[in-house]
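Q: My structure is below; once you've seen it, I'll send some questions.
The values are calculated or read from the model by the stated rules, or taken from the named source; none is laboratory data. For clarity, every value in this text was computed on a predicted model and none was experimentally measured. Please note: Cβ atoms are built from the backbone with ideal geometry, for glycine as well, and neighbour counts cover all protein chains shown.
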Amino acid sequence: MALKKLRQTILMLDLCIAPTVRYMGPEFTSHDFIDKLREIYPADYAHDLALGTQKHGFPLSLQVLHRAVVARLRRSDRVDVIGKKGSRDLRGNPHPTLVWRRLDSRRPPRKRGVPVPFEPKVAPPPAPTMSGGQLREARLARGWTKTELSLRAGVSLAAVSRWERDERRMGRGSYAAIQAALKQKGRRIRRKSSPQA
């Protein structure tokens, strides 16, 4: 009997179901969704719960309202049910709840009953670098000034000065440019002077 009246119970929240899906993660439970719905639209939730309480009494009205929300969520084209899991309701009672997946999420779809393998994130290896003293020694061994090294490597003179004083560390790109410059041989590079009028 209550299930037939359930379609009439939910009024204000009808317009809130689809927008709330946007705020959910790639996978969520029905309880998570109801908590988010109550958080974002507290007045609408309270209005529909009050109407249900008038018709069914309080403990039953909560269940009727939540079943109505899940029924609307089932008809949504934005989510799909991927399984069930144990959860606790608002009063702390354990219940099985549905697990949903957003269809617009970038996570690949999961088959029902198949656990998602854990893939730890691997940090990239640290950027290779050289100390300021090593850079200075390499530069002086070639007889270059800081300006010449900066011109050969295509980096700023200020950057070369900071690296030699160990005030900054080189990034991957800068390290590669310095290494390529240090492998070069040839005459000194002179800065182009501006044409005089």
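Q: Pairs, please: C-beta under 8 Å, at least 6 apart or cross-chain, first residue in a strand (DSSP E or B) and in region 76-87, second among the hydroxyl-bearing types (Ser, Thr, Tyr)?
A: Taking only residues 6 or more apart or on different chains, the pairs are 84/97; 85/29; 85/97; 86/97; 87/29; 87/30; 87/97.
Q: Examine region 78-85 for a residue that is touching a strand residue (DSSP E or B) at 6+ places or on another chain (Cβ under 6 Å) and exposed (fewer than 13 other Cβ atoms within 10 Å of the Cβ), and state whether such a residue exists.
A: Within region 78-85, one or more residues are touching a strand residue (DSSP E or B) at 6+ places or on another chain (Cβ under 6 Å) and exposed (fewer than 13 other Cβ atoms within 10 Å of the Cβ).
Q: Continuing with this model, one more query. Being of a type in the set (D, E, K, R) and farther than 22 Å from residue 19 by Cα is the filter; apply it to region 85-104 and report the residue that is modelled with the highest pLDDT.
A: 85
Q: Take residue 107 and tell me if it is in the same structural domain as residue 13 (by TED's automatic domain parsing) and modelled with pLDDT under 70.
A: No, not satisfied.
Q: If you check every pair at least six apart or on different chains, which have Cβ atoms under 7 Å apart with a residue in region 17-42 that is in the same structural domain as residue 82 (by TED's automatic domain parsing) first and a residue that is among the small types (Gly, Ala, Ser) and at pLDDT below 85 second?
A: Between residues of region 17-42 that are in the same structural domain as residue 82 (by TED's automatic domain parsing) and residues that are among the small types (Gly, Ala, Ser) and at pLDDT below 85, the close pairs are 17/76; 18/76; 21/76; 26/105; 29/87; 31/87.
Q: Still on this structure: Under the condition of being surrounded by 10 or more Cβ atoms within 10 Å (Cβ to Cβ) and modelled with pLDDT under 85, which residue from region 175-197 is farthest from residue 145 (Cα to Cα)? Lay out the reasoning, then the answer.
A: First pass over region 175-197, keeping only residues surrounded by 10 or more Cβ atoms within 10 Å (Cβ to Cβ): 175-182, 184, 188-189.
Right, trim to modelled with pLDDT under 85 and you get 184, 188-189.
Values: 184: 14, 188: 9, 189: 10 Å.
Restricting to residues being surrounded by 10 or more Cβ atoms within 10 Å (Cβ to Cβ) and modelled with pLDDT under 85, the top hit is 184.
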